[in-house]
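Okay, structure first, notes after.
No value in this document is a laboratory result; all are computed from the given coordinates. Just so you know, these numbers come straight off a predicted model, no measurement behind them. Every residue, glycine as well, gets a Cβ built from its backbone with ideal geometry; the counts of neighbours run over all protein chains shown.
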Amino acid sequence: MSNLKKLAGQTAIYGLSSILGRSINFLLIIVYTAYLSKNDLGAFTGIYALIGFLNIVFTYGMETSFFRFATGKKLSPERVYNNTQSLLVSSSLVLGSGIFLLAPVLASWMDYPGQAYLFRWVALILTFDAILAIPFAKLRLENKAMTFAIAKLANITLNVAFNLILIIAFPIWIQNGSIPEGFLGYRSDWGVEYILLANLLANGIIIPFVWWKAGFFSFKLEKDILLPMWRYSLPLLFMGLAGVTNELVSRLLFEYVLPTGFYSDLDARAAAGVFGANFKLAILMNLVIQAFKYAAEPFFFRESENKDSPQLYARVMHAFIIFCGLLMIAISVNLNWLGPLFLRSEGYAEGLYIVPVLLMGYLLLGVYFNLSIWFKITDKTQYSFWITLIGAIVSIIVVVFLVPEYGFMGAALSTLACYLVMSIVCFYFGQKFYPIPYQTKKDLTYLVAAFGLSYLGFYWKIENQILAFFLKNAFLIPFIALFFILDRKEIQGYFSKNQ
């Protein structure tokens, strides 16, 4: 139990920074939907899907490899850090330069004629992200959760501040004469451009602080360290590529597979903007999973030598599903007021019905992360590639075949189907090579109950908004009652130990 409490404490700190940071960042949806066109939001959705995909290429699994080798007994963590950071800085500069030079080709390929500068900024964003990855990982490894949280919050706060200045403040200042037209090259016809610029400036400013707190590195490229790390991380690179395909393919391909005129009032890029905005509402689940991942990955590796680690991993999974099931219900039943609160312009609420599906998809992503520990600690990372490749194939097939038929829902189902299949396959192989005593029947019961209660609460229409709030949130009660029924022995045992 002490280990679980330690993990919960670390997750709480990471979670606090994620929740605060993402909540601040989440408010940008209000800005984007109120001040930018749906086409700008569609461009934002597509370009950031590309950034998410290329982020995996730039880091190529070295974060997990860093945790694995820095927690081993053969090498000092500092030596692993110096080599890993030196390699990533070198490779990111090479890759970033390549994208910078190929920007006109990317602009043409993604249908942004004359906007090659967007992809030059993308190259810089990717480079900055990559050279921050290992310093952030080192802070996590050293249990410097508070420093990590402060750095992440500072980065997000800067990003939001630059967004507000460029998208809202500058037009007001120009209109009232505080600054002249074209001040610092400002262009009133830009939209997605300022989202990228804000991100670029925020990342650039935070680099010195993170490097200082993590410890400046000595440039070293030692073959005897990097070659085993590369062999370990190569399958993770392919896993990451397939995994990010699973997460982003619906947003990346949506506007290109949606038939012309599917939505009478929206063109394909504007429809992608609506889909992307509703996808953002599911980020409330994703930030919990991200916070959990920050704390759990180094925790899982540290506990891997413990003879009771399989039982510990099973308890972590069980607690994770219960907590996220409650969160899923709470978000879904409140979408009737959460949606209009964040999606400020007309037309965005048309996609709210997909949010519970996306929430369930993200919850299954968290389940998969828990399950994936078996191939990381047994060094069978080659299985990660095949599992995520299967998920990627499922995701692409569902997008290609269901989006033309069902639009937004077809894209949302690709996320759900992908992580469901990946979880099943990962569970099957995991139990063969590294059996963990998961409470499978209970966990499945909680997942089904959470999904069913979420949609029942979402679709129940009640005119009186105050009454609706209380009655819809009452859908949490059956889930809590289920917890007291299924886990009554564990609950009684916990209280008896603490008396």
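Mind jotting down the distance between the C-alpha centroids of region 106-161 and region 263-286, whole Å?
23 Å
Which lysines have a Cα lying under 21 Å from the Cα of Lys441, excluding residues fewer than 8 positions away in the same chain?
Partners within reach: Lys432, Lys489.
Pull out the extension gain between Ile424 and Leu227, defined as 0.36 nm times the separation in residues minus the alpha carbon to alpha carbon distance; nm, one decimal.
Result for the pair: 67.7 nm of gain on full extension.
Using the Cα centre of region 2-497 as the reference point, and only Cβ charges (+1 on K/R, -1 on D/E), how large is the resulting charge dipole? Debye, rounded to the nearest 20.
With only Lys, Arg, Asp and Glu charged at Cβ, the dipole is about 1760 debye.
Can you give the helix-only mean residue ellipticity at 222 nm for the chain, where every DSSP H stretch with n ≥ 4 adds -39500 (n - 2.57) and the sum goes over all residues, rounded to the nearest 500 deg cm²/dmol?
Calculated mean residue ellipticity at 222 nm is -26500 deg cm²/dmol.
Could you calculate the contour length gain from Trp211 to Asp189, that is, 0.36 nm times the residue separation minus the distance between their Cα atoms, to one decimal place in nm?
Result: 4.3 nm gained on full extension.
Say each of Arg488 and Asn176 gets a label point 7 Å from the Cα, pointing the same way as Cα to Cβ; how far apart are those two points in nm?
6.4 nm
Each label point is 7 Å from the Cα along the Cα-to-Cβ direction; what then is the distance between the points at Ala161 and Ile462, in nm?
Each label point is offset 7 Å from its Cα along the Cβ direction, giving 4.2 nm.
Which number do you get for Rg(Cα) / (2.2 N^0.38 Å) in region 2-497?
0.98
Going by C-beta contacts inside 10 Å, put Phe401, Phe275, Phe427 in order with the fewest on the left.
Phe401, Phe427, Phe275
With all pairs of different alpha carbon atoms counted, what Kirkwood hydrodynamic radius in Å does region 316-384 show?
Numbers: mean 1/r = 0.0706 Å⁻¹.
One decimal place: 14.2 Å for the Kirkwood radius.
Where a Cα-Cα gap under 20 Å defines reach, which lysines qualify for Lys461, not counting those fewer than 8 residues away within the same chain?
Cross-link targets: Lys472.
If the chain between Gln431 and Tyr117 were fully stretched, how many nm would it gain, using 0.36 nm times the residue separation less the Cα-Cα distance?
Additional length available on full extension: 108.1 nm.
In region 108-137, which residues have a backbone nitrogen under 16 Å from the label point lying 7 Å from Leu101's Cα in the Cα-to-Cβ direction?
Output list for this probe position: 120, 123-124.
Before anything else, pin down the relative contact order of the chain: Cα pairs under 8 Å, at least 6 apart, normalised by residue count, whole percent. Let's see the in-between values first.
Numbers: 646 pairs, mean separation 108.8, N = 499.
Normalised by residue count, the contact order of the chain is 22 percent.
When averaged across all projection directions, what area in nm² does the alpha-carbon convex hull of region 135-263 cover? Show your work: numbers first, answer last.
On the way: hull surface 53.5 nm².
Its average projected convex-hull area is 13.4 nm².
Arranged by the count of other C-beta atoms within 10 angstrom, fewest first, what order do Asp40, Asp111 take?
Fewest to most other Cβ atoms nearby, the residues stand as Asp111, Asp40.
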